[in-house]
Amino acid sequence: MPDRRKQGVFISLEGLDGVGKSTQFDRLCRALEARGWPVFTVREPGGTAIGEKVRSIVLDPANHEMAPAAEALLYAASRAQLVEERIRPALAQGKLVLADRYVDSSLAYQGRGLGLGVGAVREVNGFATGGLLPDLTLLLDADPDRAMDHLTSARSSDRIERRGPDYRRDVRREYLALAEADPDRLKVIDAGRGIDEVHQDVLSAVLEFLKTRGRGVRA
Ligand SMILES: Nc1ncnc2c1ncn2[C@@H]1O[C@H](COP(=O)(O)OP(=O)(O)OP(=O)(O)O)[C@@H](O)[C@H]1O
Ligand SMILES: [Mg+2]
């Protein structure tokens, strides 16, 4: 259920590992700031002192014995802290909050990918966030194997990234199913193109959203 108390705008970026979220996040942030929007950025997992500690536990390849439910709850715990400490205060100040991943990541990676069930993970996250969902979510969609190619050359992979191609295909399928079920909130962007082309689509989707549904937060 939408949270009526907030005054700002909440936008998240989603997609598989290596699909270009952080690249587009930075570009979008700069483009919106240049247009005078008061942008406030957060990243997941982490984004707070407590959340960063949780992040290191979740991503550490040494933690191979982690139970799927424990993984889902750790992500939810990090998110609960992020919402309480950073996102809600920023929204209350009328900021445009940009999140690099949010609840949809858990629905796709843990709910579907780990087989915990999307409904169960949604419930846990509803509790963690007090029901706070983004106003707009941009789903960067691309072939999972190509997205991973970007990553492997850049740095060593974390615990989640080490999961196989079947896992990533399941995650992508769930992301697309979420977008199909809620097309008002989730917009699919073809991320299998050059960075500039993807950026143009990301920015257009956001500006279109702000034009039709924004609530006068522009500074
Ligand atoms: N459209 C693109 N075409 C080619 N390379 C790209 C594109 N977008 C990003 N890259 C490159 O791919 C790599 C991964 O990009 P980025 O870190 O933005 O992905 P990410 O989705 O944030 O990954 P993660 O989920 O691991 O945080 C980077 O080296 C980046 O420069
Ligand atoms: Mg990233």
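The values are calculated or read from the model by the stated rules, or taken from the named source; none is laboratory data. Everything numeric here is computed off the predicted structure, so don't read it as measured data. FYI the Cβ positions are ideal-geometry reconstructions off the backbone, even for glycines, and counts take in every protein chain you see. When the accessible area is computed, the model is the full protein with side chains, heavy atoms only, and any ligands, DNA or RNA have been set aside. Shrake-Rupley method; radii C 1.70, N 1.55, O 1.52, S 1.80 Å.
Eigen-decomposition of the gyration tensor built on the alpha-carbon atoms of region 9-213 gives equivalent ellipsoid semi-axes of 24, 20, 16 angstrom, largest listed first. Note on His64: accessible area is roughly 150 Å² with a 1.4 Å probe, heavy atoms of protein only. A helix-only calculation puts the chain at -15500 deg cm²/dmol for mean residue ellipticity at 222 nm, using -39500 (n - 2.57) for each DSSP H run of at least four residues, averaged over all residues. Of Thr23, Thr129, the order by accessible heavy-atom surface (1.4 Å probe, DNA, RNA and ligands excluded), from most exposed downward, is Thr23, Thr129. For the set Thr212, Thr137, the ranking by accessible area, highest first and with no ligand, DNA or RNA atoms included, is Thr212, Thr137 under a 1.4 Å probe. Pick from Tyr175, Tyr167, Tyr109: which residue has the top mean-square fluctuation in a GNM of the chain where Cα pairs under 10 Å get a spring? With Cα springs under 10 Å in the chain, the top fluctuation among Tyr175, Tyr167, Tyr109 is at Tyr167. In plain terms, the chain is cut at each of the trypsin sites (Lys or Arg not before Pro) found in a DSSP loop with at most 10 other Cβ atoms within 10 Å, and the longest leftover piece is 6-154. Across region 115-130, rounded Karplus estimates of 3J(HN,Hα) from the backbone phi angles (6.51 cos²θ - 1.76 cosθ + 1.60, θ = phi - 60°) give x, 6, x, 5, x, 5, 5, 5, 5, 4, 6, x, 5, 4, 9, x Hz, Gly and Pro being marked x.
Note that region 42-59 has calculated 3J(HN,Hα) couplings of 9, 10, 10, x, x, x, 9, 4, 5, x, 5, 5, 4, 4, 5, 5, 5, 8 Hz, one per residue in order, obtained from phi through the Karplus relation 6.51 cos²θ - 1.76 cosθ + 1.60 (θ = phi - 60°); glycine and proline are x. Ranking Tyr102, Asn63, Thr41 by how far each Cα lies toward the positive end of the dipole of region 9-213 (charges on Cβ) leaves Thr41 at the top. Counting only protein heavy atoms and a 1.4 Å probe, region 51-109 has 39 square angstrom of accessible area per residue.
In this structure, the amide hydrogen of Ile189, modeled 1.01 Å from its nitrogen in the peptide plane, lies closer than 5 angstrom to those of Leu139, Leu140, Asp141, counting only residues at least 5 positions away or on a different chain.
Give, rounded to the nearest 20 debye, the magnitude of the charge dipole that the chain has about its Cα centre when Lys and Arg contribute +1 at Cβ and Asp and Glu contribute -1 at Cβ.
On the way: 33 positive and 33 negative charges, 161 e Å.
With Lys and Arg at +1 and Asp and Glu at -1, about 780 debye.
Taking θ as phi - 60° and the Karplus parameters 6.51, -1.76 and 1.60, the scalar couplings of region 18-31 work out to x, 6, x, 4, 5, 4, 5, 4, 5, 4, 5, 4, 5, 5 Hz in sequence order, x denoting glycine and proline. For the chain, the carbon plus sulfur part of the accessible surface works out to 52%, probe radius 1.4 Å.
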